[in-house]
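Enquirer: Provided herewith is a single structure, encoded as structure tokens, for subsequent inquiry.
The values are calculated or read from the model by the stated rules, or taken from the named source; none is laboratory data. What you see is a predicted model; the values in this text were computed from it and never measured. Here the Cβ is made from the backbone with ideal geometry for all residues, glycine too, and neighbour counts use every protein chain on show. Surface accessibility is based on the protein's heavy atoms, side chains included, excluding ligands, DNA and RNA. Shrake-Rupley method; radii C 1.70, N 1.55, O 1.52, S 1.80 Å.
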Amino acid sequence: MSFLRDLKVAFRSLARTKGLAATVVLTLALGIGANAAIFSLVRGVLLRPLVNRDENRLIYIQQSAPGIGPGEVPFSVPEIQDLRAGVKTLSSFGEFSTVGFTMIGLGEPREVRAGVVDGSYFDVVGLHPVLGRLVGPQDDGPKAAGVVVLTYRFWSTTFKSDPSVIGKAVRLGSGFGDRSATIIGVLEPSIPYPADTELIANIVTSPHHLSATMQNGRVHRMTELFGHLAPGATLDQARAELRTAYGAMIKDHPDAYSPQAHFQIDAKLLREQITSGARTVLLVLLAASGLVFIIACSNVANLILARTVRREGELAIRAALGASAGALRRTLLAESLILCIAGATLGVISARPLLAVLARYASRFSVRALELTVDSSMLWVGALLAVIAAVLLAYVPHLPTANASQTPGLTNGGVRITGSTSRRLRVFAITQIAASFMLLAGASMLLKTLLSIQAAQTGLDTRHVLAINVPAMSYGKTPEQVVDFYKESMRRIEALPGVSKTAFGIVVPWRDAGSFGPGFQFSGDGHVRAPGEEDPRAQFRTISPGFFAALGVPIIAGRDFNQLDGQSKDPVVIVSQTLAQRMFPNQDPLNRHIYWTDPVMKFVPISTAPHRIIGVTADIDDEHVVPGPTITVYNPFEEGPMFGGRLFIHTSANPYSLVTPITRIIRAMSVDQPVERAATLEDVRAEVLTPDRLNTVVFGVFAAVALAIALVGVAGVLAFSVSARTREFGIRLALGSQRRHLLTGVVAEGAVMAAAGVVAGAVSGYALARLAGSYFLDMRMPSAAPVVASALVLLAAAVVASALPAARAARINVIEALRSE
């Protein structure tokens, strides 16, 4: 009951200081709200269980070749067969290949990203249908009927959750042929891994998967592999057995595993694999929100401490009348609880919309963020943070003793700051500045990186080039007819007002990055490999005449393709400048020959005959937003192959004004032809840069909020210091001190606190970065420029924040200052 009485007294006490109470509540709401939202985000993405049945035994099997390039390497059918035969710690395997289809038969023709799976896939990954059934063992084999399962998001957004789609027939087309299929079910909401797909089909829907090249080619790798641990088996045991079986494969087939590529195999729990891409950024975000909470609590502690000093007389009287230290501490705890609970309540309310914003941000790194909902965890986090803050604030102030002679607040009414209290005020202010400095330095580093990326010259005319996906449709057409279709469509589009050039390519720069992996091995006239060296790799691109003119890229030597290239017995290519320099140093590359040597070429329709170089073009880095040297071989599209299908339109008009007439032209030629994803190259690049931009914005907002709170704290400490030193300043003025000396003294006090905070932040930030670097290999230390810039911003802001209390000190009236005592 006594604590309830303390709460009533606390309510009345806080009601007399509404401004202070409101400031404390809002500051705590900011710190608690940000932490509650981010903790919910981290919990939802990193800790929440998957919907997959028996997820603790579901693993993802990885093959990699770091000598070729970063990232994983898919498996080939022969490799999967060897693993199935040699690994007993896994009871079953599931296969998943990502394939691009054109889908016709359900509304508008469209491009879809699909997963092609075997009959055991869904059983292995433990997923269920919400409608119909999933692909099963009965759908395996070359004679099975084509079947399709829609993913839940595709069904609910594109088809508005219409159950009547079940049983409908569609036609799925790819560069290797077309197949008909029947929609048999809708997959439950789940994490779309390894690819975010619209539908999942059985193997027979992809003619390429049934081909001998796919079935027999050990180096023809395009399948992701999942496994389910056998009863009693552990992940470590499965990992060891996989490595043993893999080592035997390498020994038996040395030609398929280049020593320079360093092929290796590993396995992870699927949940760990899914969250790996988001773990670093989310934990850094959690650390940033923790810094905001520290800043908020330090600021509030300053306010509470200053208030306690002002009410020292009241507390001293209560102590003199017999109140124990415990009773006084309960009073402070009651006030802190009221403030912190109010702040937590407001913080949790504000955390809901903040979580929605952060979820859209995090979805760039993990698709799990798209499923986030507000749950009770946010309430528990808010309550826990409120209790922590309340206890901290209750034990910050120094309590007076019952001995009146030792209690200045009881003997006179003036405000007195003891050395202990002054040190605490400054420690809290320095803590705020240190935490702000770490956030500001991190945000500055991200901003510097983003600006350098955006300023990088691509070598392309990005503003005036419109890229449109027009995938190759081979249904009922010969390869020559497909080429003629594109030629005629380009001729008609070039007749539109404002269009200067139209061309064909197979990838949209940056958006289709990684479509051909690390490239293919090749060689050329006179090229001799050093002992133990392998042939270099080049990217392969199929283009039409005028491609370089459409993108605004110069041809440095030789000529462009013409209508006869690709039809003669003398096959020709155009190469990038870097390829020419590296393969033929100090030589004229024109009329020399290059040819593909990659073993995978016997499984894809790309000619390995020597091709004569007729032109050298400036490098086009369509893989990286920050361009670098590129080794690329361009093939005339009359020769093929016709993978993908992208049109590039160079125009002096508004590029987006052409989308409707271009769509009308193409649909008039082929009603089933998809025409999608129209965007200027400038907007494509901006879209690829979105994660970097979001990182900068999110951390910039955190840094700005932290800086604002910290500067308010510095100004508050100095203002309180000035009010407590009114008599001292009056005496100094009476003895002849200049007002400008008082002004510069207070400003210098603020600058010293800021400098101490910057030093503390730099030391703490360096230690934290080193610690984090031991856990996160991609963690980078900021360069000197953003650190110095952040320090200067903080110092300048602290001086500005000190100006108001400094001006107040300089305006002190000597007579009134002395009379106040």
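Enquirer: What is the number of the single condition among (1) in a helix (DSSP H, G or I); (2) buried (at least 16 other Cβ atoms within 10 Å of the Cβ); (3) of a type outside the set (Lys, Arg) that Pro661 does not meet?
Expert: The failed condition is (2).
Yes or no, residue by residue, for (1) closer than 18 Å to Ser474 by Cα; (2) aromatic (Phe, Trp, Tyr); (3) under 29 Å from the mean Cα position of the chain (by Cα):
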residue: Gly640; (1), (2), (3): yes, no, no
residue: Phe648; (1), (2), (3): no, yes, yes
residue: Arg664; (1), (2), (3): no, no, no
residue: Thr680; (1), (2), (3): no, no, yes
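Enquirer: Here is a further query. With the condition kept exactly as written, say whether any residue in the range 8-26 is surrounded by 21 or more Cβ atoms within 10 Å (Cβ to Cβ) and within 25 Å of Leu355 (Cβ to Cβ).
Expert: Yes; the residues of the range 8-26 include at least one that is surrounded by 21 or more Cβ atoms within 10 Å (Cβ to Cβ) and within 25 Å of Leu355 (Cβ to Cβ).
Enquirer: How many residues does the range 85-121 contain that are closer than 16 Å to Ser180 by Cα, in contact with a Lys or Arg (Cβ under 9 Å, 6 or more places away or on another chain) and not in a loop (DSSP other than H, G, I, E, B)?
Expert: Residues in the range 85-121 being closer than 16 Å to Ser180 by Cα, in contact with a Lys or Arg (Cβ under 9 Å, 6 or more places away or on another chain) and not in a loop (DSSP other than H, G, I, E, B): 7 in total.
Enquirer: Contact list please: Cβ distance under 9 Å, first residue in the range 162-191 and without any contact (Cβ under 8 Å) to a residue 40 or more places away in the chain and basic (Lys, Arg), second residue open to solvent by less than 30 Å² (accessible area, probe 1.4 Å) and part of a loop (DSSP other than H, G, I, E, B), pairs at least six apart or on different chains.
Expert: Arg179/Gly146; Arg179/Ser206
Enquirer: Mind checking whether some residue in the range 424-433 is surrounded by fewer than 17 Cβ atoms within 10 Å (Cβ to Cβ), modelled with pLDDT under 75 and not charged (D, E, K, R)?
Expert: no
Enquirer: What are the residues in the range 378-391 that are open to solvent by 10 Å² or more (accessible area, probe 1.4 Å) and at pLDDT 70 or above, if any? First the steps, then the outcome.
Expert: Quick first cut of the range 378-391, residues open to solvent by 10 Å² or more (accessible area, probe 1.4 Å) only: 379-381, 383-385, 387-388, 391.
Residues satisfying the conditions are Trp380, Val381, Ala383, Leu384, Leu385, Val387, Ile388, Val391.
Enquirer: Does any residue of the range 66-77 turn out to be open to solvent by less than 50 Å² (accessible area, probe 1.4 Å), over 24 Å from the mean Cα position of the chain (by Cα) and of a type outside the set (Gly, Ala, Ser)?
Expert: There is at least one residue in the range 66-77 that is open to solvent by less than 50 Å² (accessible area, probe 1.4 Å), over 24 Å from the mean Cα position of the chain (by Cα) and of a type outside the set (Gly, Ala, Ser).
Enquirer: Could you please give the count of residues in the range 339-356 that are under 18 Å from Thr23 (Cβ atoms) and open to solvent by less than 30 Å² (accessible area, probe 1.4 Å)?
Expert: 5
Enquirer: Confirm whether Ser568 is of a type in the set (Gly, Ala, Ser) and free of Cβ contacts under 8 Å to residues at least 24 places away in the same chain. First the steps, then the outcome.
Expert: On the way: of a type in the set (Gly, Ala, Ser): yes; free of Cβ contacts under 8 Å to residues at least 24 places away in the same chain: yes.
It is true that Ser568 is of a type in the set (Gly, Ala, Ser) and free of Cβ contacts under 8 Å to residues at least 24 places away in the same chain.
Enquirer: If you check every pair at least six apart or on different chains, which have Cβ atoms under 9 Å apart with a residue in the range 495-510 that is within 14 Å of Leu658 (Cβ to Cβ) first and a residue that is part of a strand (DSSP E or B) and open to solvent by 30 Å² or more (accessible area, probe 1.4 Å) second?
Expert: Between residues of the range 495-510 that are within 14 Å of Leu658 (Cβ to Cβ) and residues that are part of a strand (DSSP E or B) and open to solvent by 30 Å² or more (accessible area, probe 1.4 Å), the close pairs are Val499/His650; Ser500/His650; Lys501/His650; Thr502/His650.
Enquirer: What residue, of Gln260, Gln273, is in a helix (DSSP H, G or I), at pLDDT below 90 and either under 19 Å from Gly126 (Cα atoms) or in contact with a Lys or Arg (Cβ under 6 Å, 6 or more places away or on another chain) (or both)?
Expert: Gln273
For (1) in contact with a Lys or Arg (Cβ under 9 Å, 6 or more places away or on another chain); (2) of a type in the set (Asp, Glu); (3) part of a helix (DSSP H, G or I); (4) crowded, with 20+ Cβ neighbours inside 10 Å, each residue gets a yes or a no:
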| residue | (1), (2), (3), (4) |
| --- | --- |
| Val204 | yes, no, yes, yes |
| Arg218 | no, no, no, yes |
| Phe226 | no, no, no, yes |
| Ala233 | yes, no, no, no |
| Gln237 | no, no, yes, no |
| Ala240 | no, no, yes, no |
| Thr244 | no, no, yes, no |
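Enquirer: Considering only residues that are open to solvent by less than 30 Å² (accessible area, probe 1.4 Å) and at pLDDT 90 or above, look in the range 629-644 and name the one that is farthest from Thr608 (Cα to Cα).
Expert: Thr630
Enquirer: When the residues of the range 606-628 are narrowed to those that are open to solvent by 40 Å² or more (accessible area, probe 1.4 Å) and among the charged types (D, E, K, R), which ends up modelled with the lowest pLDDT?
Expert: Selected residue: Glu623.
Enquirer: If I ask for residues that are outside any loop (DSSP other than H, G, I, E, B) and over 25 Å from Thr275 (Cα atoms), which ones from the range 33-79 would you list? Please lay out each step first, then the result.
Expert: Our first condition is that a residue be outside any loop (DSSP other than H, G, I, E, B); within the range 33-79, this holds for 33-47, 55-64, 72, 75, 77-79.
Val77, Pro78, Glu79 - these are the residues of the range 33-79 that are outside any loop (DSSP other than H, G, I, E, B) and over 25 Å from Thr275 (Cα atoms).
Enquirer: Within the range 453-507, can you find the residues that are basic (Lys, Arg) and not in a strand (DSSP E or B)?
Expert: The answer is Arg463, Lys477, Lys487, Arg491, Arg492.
Enquirer: Tell me whether the range 673-692 contains one or more residues that are on the phi < 0 side of the Ramachandran plot, polar (S, T, N, Q) and part of a loop (DSSP other than H, G, I, E, B).
Expert: Going residue by residue through the range 673-692, those that are on the phi < 0 side of the Ramachandran plot are 673-676, 678-692.
Of the ones still in play, those that are also polar (S, T, N, Q) are 673, 680, 690.
Subsequent filtering for residues that are part of a loop (DSSP other than H, G, I, E, B) retains 673.
The answer is yes; a qualifying residue exists.
Enquirer: Go over the candidates Pro636, Pro585 one by one and state the one that is under 23 Å from Arg529 (Cβ atoms) and not small (Gly, Ala, Ser). First the steps, then the outcome.
Expert: Numbers: Pro636 fails: under 23 Å from Arg529 (Cβ atoms).
Criteria check complete, one pass: Pro585.
Enquirer: A further question follows. Do we have any residue at all in the range 128-135 that's open to solvent by less than 10 Å² (accessible area, probe 1.4 Å), part of a loop (DSSP other than H, G, I, E, B) and modelled with pLDDT of 95 or more? Outline the logic, then answer.
Expert: Just the residues of the range 128-135 that are open to solvent by less than 10 Å² (accessible area, probe 1.4 Å), to begin with: 135.
Filter again for part of a loop (DSSP other than H, G, I, E, B), leaving 135.
Within this subset, residues satisfying the condition of being modelled with pLDDT of 95 or more are 135.
Yes, because at least one residue in the range 128-135 is open to solvent by less than 10 Å² (accessible area, probe 1.4 Å), part of a loop (DSSP other than H, G, I, E, B) and modelled with pLDDT of 95 or more.
Enquirer: While we're looking at this one, here's another question. What pairs come up if the first residue lies in the range 625-651 and is touching a residue at least 24 places away in the same chain (Cβ under 8 Å), the second is acidic (Asp, Glu) and not in a loop (DSSP other than H, G, I, E, B), and their beta carbons are under 9 Å apart, counting only those six or more places apart or on different chains?
Expert: Val625/Asp692; Glu638/Glu480; Ile649/Glu494
Enquirer: Just wondering, is there one or more residues in the range 595-605 that are under 28 Å from Ala467 (Cα atoms) and either open to solvent by 60 Å² or more (accessible area, probe 1.4 Å) or out of contact with any strand residue (DSSP E or B) (no Cβ under 8 Å at 6 or more places or on another chain) (or both)?
Expert: yes
Enquirer: Shifting gears a bit: Would it be correct to say that Gly514 is under 37 Å from the mean Cα position of the chain (by Cα), of a type outside the set (Val, Ile, Thr) and open to solvent by 10 Å² or more (accessible area, probe 1.4 Å)? Walk me through it before giving the result.
Expert: Details: under 37 Å from the mean Cα position of the chain (by Cα): yes; of a type outside the set (Val, Ile, Thr): yes; open to solvent by 10 Å² or more (accessible area, probe 1.4 Å): yes.
Spelling it out, Gly514 is indeed under 37 Å from the mean Cα position of the chain (by Cα), of a type outside the set (Val, Ile, Thr) and open to solvent by 10 Å² or more (accessible area, probe 1.4 Å).
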